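A short worksheet on the structure shown next.
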Amino acid sequence: MSKMYLEAVESKLSEGNYQKLNAITNPKVQQFIAESAELCSPDKIFICSDSSEDIAYVRQQVVSSSEEKPLAITGHTYHFDGMQDQGRDREVTKYLVPKDDSLSKTLKQIEREEGLAEVEGLLKGAMQWRTMIVRFLSLGPTNSVFSIPCVQCTDSWYVAHSEDLLYRPAYDMFTQKAEQSELFCILHSAGKMNDDMVSVETDKKRIYIDYTKDTIYSVNTQYAGNTVGLKKLALRLTIRKADKEGWLAEHMLLMGVHGPNGRKTYLAGAFPSACGKTSTAMLPGETIVGDDIAYFRNIDGQAKAVNAEAGIFGIIQNVNPTDDPAIHKVLTTPGEVIFSNILVKDGSPYWLGMDCALPKEGVNFSGNWQDGKTDNKGNKIPPAHKNARYAVDIGVLENVDSELNNPNGVELSGIMYGGRDAKSYVPVQQSFSWEHGITAYGAALETETTFATIGKEGVPEINLMSIQDFVSISLGKYVQNNLEFGRKLKKAPLVFGVNYFLRDKEGRFLNGVRDKHAWIKWMELRIHNNAGALKSPTGLIPKYDDLRELFSQVLSKEYSKEDYVKQFTIRIPENLSKLDRVEKFHKENVPGAPNIIFEVFNKQRARLLEAQKKFGDYVSPEKLEVVK
Ligand code: GTP
Ligand code: MN
């Protein structure tokens, strides 16, 4: 470590921490740590070297600081975020954009100098009387072509502890390699906290992303989606890096689907927040590589994929032993788990939609809670927040995939896109081609807003490839990069569209939560040419007999023809108006949208109109032509 930067922080370091920092050679890291300390004025600096002593120290500090409190089961702790800090905050998450640059207008942004001055003003002196924790982590497996080194400075032991479960430790990567070509830097402070260790100045919450310096600033917030910088905040930086280097960073789950005769096929899936990534990746009998962020690279003409993360920060609502046996087991047996924003009573966590009655009182994100308690606007406070979550290391799951940490990744054979589409798309379909899938399922993805982001729920919106909030390059270029990625492969993965949230006229869901398992198994069969299909105007859909067999095999469920027809009837008027909305969106919001997008939309419209002429507005799958 260079003398100048070490000297600047020496007074805040114990002998041991001095030695650990001294072993770091990368000048950018040195500068970032020294400047963060200078700005935030922590009392002390703790350098986490990932040794077992250091990790144990983080665990001990998180409890002694009361940022987490122990639950009855060994290793389980809980943490609360403030009433105004229960989800990703889109309104105050902004890109810092230099005067001479511009970003897509769908993205929140602020002029760089102005935003930097604002956030630095809020961070100034923010760590007084506290310790600044420094963590060295890797996005993607360590020592791999996929690895991105990251350094996080935070005054929250909860953030440091969460990162222990969610990311791969990489202190060694920083001491062994002198020249990290590029790395991400994240600076976070919880800001002013009350006696319960909850950030209070939520009106001054800011999450700013400086892509010119690969640096993220976050202040006056604790919700992990806003503070654990390696998650969605780093994804914004990764997309730019991937764009420059010719690979893809995606908001996708990654799983091994186990087919006939012991074969394993890897699928990835993009769903907006709270739309099914974790529930899909955790399907019983299959194996999980990741549930949120995946990186794809073309290696020798093959699509190779890794999980950027190493843990799950999952929605706990509705987790129950029947639908989610693997995660339910981890949440109810000893081992390291952080629960957030659940209800606590007598040392046990409770959440919405669990398999038992909830107590009428306890402690939750609003403090002491009893049934009927209201907030200052008179709204009833639920026992636990809908967006309450758990954080666990994927490695502890019984369904962890053997290739989780493979530095070469896994071979990707299929990709699926899905959102909360109440009216148009069928539950599962396969695209006619790579281009058709990327465009008609990915770039045309429509969904309803959910509780995972702060704001009104249930508002329909387009969320391009489920990743729109994080696309820090032009949306047109991003779609183009996806199209090209597949074209350059020897064999592009098959592309599927799924819709777990299709409803009938009365607003009821047409599928059960576990039905997705049959869709996933069907995809696996399609990849290996083991199932036929029917040609609909929007894609290739399953044949009834194949699904009946899959429902029986996988779910031990009788699948009726009547259900099939209801679920797979092509709704022409709904699909035509979807196309109109999507096309309008692309014309207005996607500068540089590749022409092929509009060609694909036009062809889809023509197919829909032709079917409408022939069969009317609602086309039963029984009328469709069989293809191989
Ligand atoms: P993030 O972690 O925020 O990125 O969300 P996610 O994409 O991982 O969503 P997750 O799988 O946790 O599911 C979110 C919510 O949707 C949960 O409350 C689930 O119970 C619910 N859900 C998941 N699958 C289905 C389904 O097939 N049908 C219905 N109706 N709800 C579902
Ligand atoms: Mn999830």
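Taken together, the values in this text are just the output of simple stated rules run on the coordinates, not laboratory data. The structure displayed is predicted, hence computed values, not measured ones. Cβ coordinates were reconstructed from backbone atoms using ideal geometry, including for glycine residues, and neighbour counts include every protein chain displayed.
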With the convex hull built on the alpha-carbon atoms of region 1-140, volume per residue in Å³ sits at 184 Å³
Region 169-317 shape via C-alpha gyration tensor axes, a/c threshold 1.5 = oblate
For region 458-612, the percent of all C-alpha pairs falling in each 5 Å bin, from 0 up to the bin holding the max distance, is 1, 7, 14, 18, 18, 17, 14, 7, 3, 0
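So what is Rg over Rh here for region 557-628, counting just Cα atoms and using Kirkwood for Rh? Please list the in-between numbers first.
Details: Rg = 15.3 Å, Rh = 14.0 Å.
Radius of gyration over Kirkwood radius for region 557-628 works out to 1.09.
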Dimensionless Rg/Rh of region 74-124, both radii on Cα and Rh by Kirkwood, sits at 1.17
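Given R₀ = 60 Å, FRET efficiency for residue 44-residue 613 by Cβ-Cβ distance, to 0.05?
Working: r = 74 Å, r/R0 = 1.24.
Computed FRET efficiency for residue 44 and residue 613 comes out at 0.20.
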What is the set of long-range amide H partners of residue 111 at a cut-off below 5 Å, with H atoms built 1.01 Å from backbone N?
-> 97
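When the helices in the chain are scored as -39500 (n - 2.57) per DSSP H run of 4 or longer and the sum is shared across all residues, what 222 nm value do you end up with, to the nearest 500 deg cm²/dmol?
Numbers: 17 runs with 183 residues, N = 628.
Computed mean residue ellipticity for the chain: -9000 deg cm²/dmol.
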The FRET efficiency for residue 402 and residue 348, from their Cβ-Cβ distance with R0 = 30 Å and rounded to 0.05, is 0.35
Would you mind calculating the relative contact order of the chain from Cα pairs under 8 angstrom and at least 6 residues apart, reporting the percent as a whole number?
-> 13 percent
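With only Lys, Arg, Asp and Glu charged, each at its Cβ (+1 for the first two, -1 for the last two), find how big the charge dipole of the chain is about the Cα centre; round to the nearest 20 debye. Could the numbers behind the result be given before it?
Details: 76 positive and 82 negative charges, 396 e Å.
Dipole about the Cα centre, nearest 20: 1900 debye.
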Indicate the gyration tensor shape class of region 1-48 (rounded, prolate or oblate), computed on the Cα atoms with a ≥ b ≥ c the square roots of the eigenvalues: a/c under 1.5 is rounded; otherwise a/b larger than b/c is prolate and the rest oblate.
-> oblate
Expressed in whole Å with the largest first, what are the equivalent ellipsoid semi-axes of region 231-314 derived from the C-alpha gyration tensor as the square root of 5 times each eigenvalue?
-> 22, 17, 8
Beyond 26 Å (Cα-Cα) in this structure, taken from 69/231; 105/491; 516/623; 232/360; 232/277, we find 105/491; 232/360
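Using Cβ contacts closer than 10 Å as the measure, can you line up 583, 309 from fewest to most?
Placing the least packed residue first, the sequence is 583, 309.
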May I ask which residue of 9, 132, 441 lies farthest towards the positive end of the charge dipole of the chain, with charges of +1 (Lys, Arg) and -1 (Asp, Glu) on Cβ and the Cα centre as origin?
-> 441
Which residues in region 273-317 have a backbone N closer than 16 Å to a point placed 7 Å from the Cα of residue 589 along the Cα-to-Cβ line?
-> 273
What are the radius of gyration and Dmax of region 423-472, computed over its Cα atoms and given in Å?
-> 12.5, 37
In vacuo Debye sum over C-alpha of the chain, base-10 log of normalised intensity I(q)/I(0) at q = 0.08, 0.12 Å⁻¹, listed in q order, is -0.57, -1.28
Please report the base-10 log of the normalised intensity I(q)/I(0) for region 76-167, using a Debye sum with one equal scatterer per alpha carbon and no solvent, at each q in 0.14, 0.23 (1/Å).
-> -0.82, -1.23
Selected from 467, 529, 501, residue furthest toward positive end of dipole (region 458-566; charges at beta carbon) = 529
How many percent of the alpha carbon pairs in region 108-257 exceed a separation of 24 Å?
-> 34 percent
In nm, spacing of pseudo-spin labels at residue 212 and residue 379 (7 Å Cα→C-beta vector) | 3.8 nm
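Order the peptides 117-123, 218-224, 298-304 from the highest to the lowest mean number of other Cβ atoms within 10 Å of their residues. Mind dumping the intermediate values first?
Working: 117-123: 17.3, 218-224: 26.9, 298-304: 15.4.
Packing order, densest peptide first, comes out as 218-224, 117-123, 298-304.
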What percent of all Cα-Cα pairs in region 397-443 falls in each 5 Å bin, counting up from 0?
-> 5, 15, 20, 16, 12, 16, 12, 4, 0
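Do me a favour and compute the ellipsoid semi-axes for region 382-510 from its Cα gyration tensor, root of five times each eigenvalue, largest one first, whole Å. Display every interim value, and only then the final one.
Numbers: eigenvalues 140, 106, 53 Å².
Sorted largest first and rounded, they come to 27, 23, 16 Å.
If you place +1 on the Cβ of every Lys and Arg and -1 on the Cβ of every Asp and Glu, how big does the dipole about the Cα centre of region 160-209 come out, in debye to the nearest 20?
Taking the Cα centre of region 160-209 as origin, the dipole is about 160 debye.
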Quote the Stokes-Einstein diffusion coefficient, in whole µm² s⁻¹, for region 265-368, based on the Kirkwood radius over alpha carbon pairs, a temperature of 10 °C and a viscosity of 1.306 mPa s.
-> 100 µm²/s
State log₁₀ I(q)/I(0) for region 313-405 at q = 0.26 Å⁻¹ as given by the Debye formula over alpha-carbon point scatterers of equal weight, solvent excluded.
-> -1.41
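Can you tell me what share of the DSSP beta bridges in the chain is antiparallel? A percent to the nearest 5 is fine. If you can, show how the numbers build up before the last one.
Working: 71 of 108 bridges.
The antiparallel fraction comes to roughly 65 percent.
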Residue 176 paired with residue 566, simple spin-label distance in nm, labels 7 Å along Cα-to-beta-carbon = 5.7 nm
